[in-house]
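Take a look at the structure below.
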Amino acid sequence: MNDVKYNNEDPIELAPGVFHLGVSDEKNSFANIPYLITSGDEAMVIDPGSAVPEFYQVVLTKLKKALNGDLKRIKHVVVQHQDPDLCAAIPLLEKELEPDYQLHAPLEARVILQHYGMKQKSSTLDEGNQITFGQGRTLTFVMTPYCHFIGSMVSYDHQSKVLFSSDAFGGFSDQNNLYATQHYPVQLESFLGEYLGSKRALEYALKRIEQVDKLYGIEMICPQHGCVIPKELISEYIAFAHKLKVGAQIDALAKINGITLSNN
């Protein structure tokens, strides 16, 4: 498993009906990973990706292969937070979809999404909301505010027991490794340490994910960046993430400028 890599042509089926559509950005060590879920004749895209042509074309190629060319099967597009690297492609993708496809996002993310110029209006997702599509495949959405945006969430697929973790468990990497290895904590620390400013936000997200695991079971964690975390490493990496220091740049600048900060 550790040697599996992804490329710019082929989607990878991680679990039945769950496809990895990753784009490796080696220049910036910053892979962007949309996901596709299928059920019967319908499909859902989670975080469709960047509008940068060389990135979008990779995702489009993989979607066409996974869906045998029929992108109109995509009935739902889910945005887990507002960042352009994972959702600016919506106006491009919706040209391939039926006009009545449904776009879903947290309330705070919806405020930003309108500026990307898509035609479809988005509907609001909130804590505990569910979407069922196709042959009864259901996803539950869990809010993880400030990890790293106020309107961030994670998505849980009940059929595969896959958690799509948004920025949580993301990592920097200039490699196209599909699965995390024993070296991944270094990548995890560099990403979360740079992109999260609140330890409370990280702790809440981790503990909420632990609740989901206890309630439903998590077989795999699929972040927007970095590598997929298989079941056997999940508890180890959750424990590691609990110990992370985040917001280090704030502390460094405060020291330089003689500013004393509270611990809250």
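Structure data summary
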quantity: Residue check for residue 140: crowded, with 17+ Cβ neighbours inside 10 Å, closer than 20 Å to residue 245 by Cβ and among the β-branched types (Val, Ile, Thr); calculated: no
quantity: Conditions (1) on the phi < 0 side of the Ramachandran plot; (2) of a type outside the set (A, V, I, L, M, F, W, C); (3) surrounded by fewer than 18 Cβ atoms within 10 Å (Cβ to Cβ): number failed by residue 117; calculated: (1)
quantity: Selected residue (only one of 132, 140 is free of Cβ contacts under 8 Å to residues at least 12 places away in the same chain and of a type in the set (Val, Ile, Thr)); calculated: 132
quantity: Residue that is surrounded by the most Cβ atoms within 10 Å (Cβ to Cβ), among those in region 167-214 that are assigned to a loop (DSSP other than H, G, I, E, B) and among the small types (Gly, Ala, Ser); calculated: 168
quantity: Residue match in region 43-55 (condition: under 19 Å from residue 149 (Cα atoms), surrounded by fewer than 16 Cβ atoms within 10 Å (Cβ to Cβ), of a type outside the set (Val, Ile, Thr) and touching a residue at least 24 places away in the same chain (Cβ under 8 Å)); calculated: no
quantity: Residue match in region 27-49 (condition: out of contact with any Cys (no Cβ under 6 Å at 6 or more places or on another chain), among the basic types (Lys, Arg) and at pLDDT below 95); calculated: yes
quantity: Whichever residue in region 236-264 is in a helix (DSSP H, G or I), free of Cβ contacts under 8 Å to residues at least 12 places away in the same chain and not small (Gly, Ala, Ser) and, among such residues, is farthest from residue 204 (Cα to Cα); calculated: 256
quantity: Single residue of region 204-232 satisfying the filter (over 18 Å from the mean Cα position of the chain (by Cα) and touching a residue at least 24 places away in the same chain (Cβ under 8 Å)) that is nearest to residue 127 (Cα to Cα); calculated: 216
quantity: Options 114, 120: the member that is in contact (Cβ under 8 Å) with a residue 24 or more places away in the chain and not aromatic (Phe, Trp, Tyr); calculated: 120
quantity: Any hit, region 170-178, residues being closer than 14 Å to residue 241 by Cβ and without any contact (Cβ under 8 Å) to a residue 12 or more places away in the chain; calculated: no
quantity: Those residues of region 21-42 which are crowded, with 20+ Cβ neighbours inside 10 Å, within 24 Å of residue 137 (Cβ to Cβ) and not polar (S, T, N, Q), in sequence order; calculated: 21, 22, 33, 34, 35, 36, 37
quantity: Subset tally (residues that are of a type outside the set (A, V, I, L, M) and not in a helix (DSSP H, G or I)) for region 42-58; calculated: 5
quantity: Some residue of region 9-19 being at pLDDT 95 or above, among the aromatic types (Phe, Trp, Tyr) and under 29 Å from residue 108 (Cβ atoms); calculated: yes
quantity: Residue in region 138-158 that is outside any strand (DSSP E or B), modelled with pLDDT under 90 and touching a strand residue (DSSP E or B) at 6+ places or on another chain (Cβ under 6 Å) present; calculated: yes
quantity: Residue within region 204-211 that is modelled with pLDDT under 95 and of a type in the set (D, E, K, R) present; calculated: no
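Here's the yes/no breakdown for (1) over 19 Å from residue 194 (Cα atoms); (2) charged (D, E, K, R); (3) surrounded by 11 or more Cβ atoms within 10 Å (Cβ to Cβ):
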| position | (1), (2), (3) |
| --- | --- |
| 225 | no, no, yes |
| 228 | yes, no, yes |
| 232 | yes, yes, no |
| 235 | yes, no, yes |
| 248 | no, no, yes |
| 254 | no, no, yes |
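The values are calculated or read from the model by the stated rules, or taken from the named source; none is laboratory data. Since the structure is predicted, the reported quantities are computational estimates derived from the model, not experimental observations. Cβ coordinates were reconstructed from backbone atoms using ideal geometry, including for glycine residues, and neighbour counts include every protein chain displayed.
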